[in-house]
Amino acid sequence: MAPDRRPENMVRITTPSLADVFIKEQLEAIKAQVGDKKVLLALSGGVDSSVVAALLIKAIGKQLTCVHVNHGLLRKGEPEQVIEVFQNQMKANLVYVDATDRFLDKLANVTDPETKRKIIGGEFIEVFVEEARKLEGVSFLAQGTIWPDILESEKGIKAHHNAGGLPEDLKFELVEPVKILFKDEVRIVGKQLGLPDNMVFRQPFPGPGLGVRCPGAITRDRLEAVRESDAILREEFQKHGLAGKVWQYFTVVPDFKSTGIKDGKRSFEWSVIIRAVNTTDAMSATVENIPFELMQHLVERITHEVKGVNRVLYDFTPKPTGTIEFE
Ligand code: XMP
């Protein structure tokens with residue numbers, strides 16, 4: 001069995017060869033723990049669950065079933081990438097559930113941010129449980145718990161949410177192959193396992209996804225404007241070398257319209273707000289100084305390419321007083 005806690009003297013994984021040693025040890029540990037039994041994994045496409053998936057696919061192949069729940073609040077191209085990488089390339093057993101309508105129907109007319117979060121979290125567990133019950137003979141649940149999750153739950157900073165929420169009859173034994181790693185180590189291991197850079201080195205993305213970037217009651221058209229403007233921002237940051245430099249960047253489309261002119265006619269449309277911040281621990285944050293020319297280019301692209309948008313604004317507010325997300 002792999003150690004339950006990070007050994008005091010463990011060398012930080014900073015190189016591909018150190019990652020290789022860790023991978024080799026973990027593959028053995030997973031095989032020893034799981035034997036010929038079946039494992040289930042909720043694969044969000046985030047760094048931690050993706051690296052766990054890649055390790056398990058290598059160790060036990062088709063004994064793993066990954067469930068990817070698309071709650072309709074993912075970024076442009078994300079569900080497609082999960083299918084491409086894990087199903088097409090790595091040949092994983094992947095159950096893809098497009099639950100977009102279910103989530104958006106439940107969220108219709110809900111304006112309170114915490115209620116939105118609760119609905120998204122609760123619905124996610126329901127969909128996952130439904131899928132889990134369809135499978136037979138599953139003995140283990142794999143999770144992308146990492147070392148800071150364990151430390152923070154011990155200190156009472158945040159509940160170790162991963163294990164929570166499943167009903168009694170689905171309390172499987174856990175497989176947590178990256179639980180002694182820090183985030184930077186998980187990324188190196190992921191790269192070494194052949195996962196694409198944009199999956200392994202991606203910026204943080206909240207569980208409720210684009211739902212908290214569509215303030216107030218989520219509507220499909222405004223959500224689409226968030227998704228499309230976010231895709232343009234990510235593409236331009238990538239092109240201009242900011243993607244690896246800025247800690248977190250995204251767009252928000254608040255629920256108000258303003259007057260403008262498009263094609264010589266009056267328009268009455270939404271504004272896109274750009275947010276780009278730097279931080280080390282997300283407790284406080286400073287605002288990135290985006291070059292003015294790039295800002296102008298972003299305005300040009302977003303106002304011309306995103307349906308229903310006639311203005312682009314930049315959020316200059318550090319944390320505090322603003323939080324990073326709008327909700
Ligand atoms: P705030 O907005 O609190 O965000 O300054 C700090 C960091 O936490 C992320 N965040 C979340 N992550 N579920 C998550 O998994 C959430 O409900 C949530 N809310 C905020 C946010 O993206 C930022 O990185």
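For the reader, a short list of remarks on this structure follows.
- Within the range 269-305, considering residues that are within 12 Å of the ligand (Cβ to nearest atom), surrounded by fewer than 16 Cβ atoms within 10 Å (Cβ to Cβ) and touching a residue at least 40 places away in the same chain (Cβ under 8 Å), the one farthest from Thr219 (Cα to Cα): Thr279
- Ile180 being buried (at least 18 other Cβ atoms within 10 Å of the Cβ) and either part of a loop (DSSP other than H, G, I, E, B) or within 16 Å of the ligand (Cβ to nearest atom) (or both): yes
- Candidates in the range 191-207 are the residues that are under 11 Å from the mean Cα position of the chain (by Cα) and surrounded by fewer than 17 Cβ atoms within 10 Å (Cβ to Cβ); of these, the one that is farthest from the ligand (Cβ to nearest atom) is Gln203.
- Scanning the range 306-325 for residues that are closer than 30 Å to Asp184 by Cα and of a type in the set (A, V, I, L, M, F, W, C), we see that the one that is surrounded by the fewest Cβ atoms within 10 Å (Cβ to Cβ) is Phe316.
- Hits in the range 83-128 - residues which are closer than 14 Å to Thr65 by Cβ and either within 15 Å of the ligand (Cβ to nearest atom) or loosely packed, with under 15 Cβ neighbours inside 10 Å (or both): Lys91
- Taken together, Gly308, Gly264, Gly322, Gly260 contain a single residue that is more than 16 Å from the ligand (Cβ to nearest atom) and under 27 Å from the mean Cα position of the chain (by Cα), which is Gly308.
- Gln26 being modelled with pLDDT of 95 or more, of a type outside the set (Gly, Ala, Ser) and under 28 Å from Val306 (Cα atoms): no
The values are calculated or read from the model by the stated rules, or taken from the named source; none is laboratory data. A quick note: this is a predicted structure, and the numbers were derived from the prediction, not measured. With ideal geometry, Cβ positions are generated from the backbone for all residues, glycine too; neighbour counts draw on all protein chains shown.
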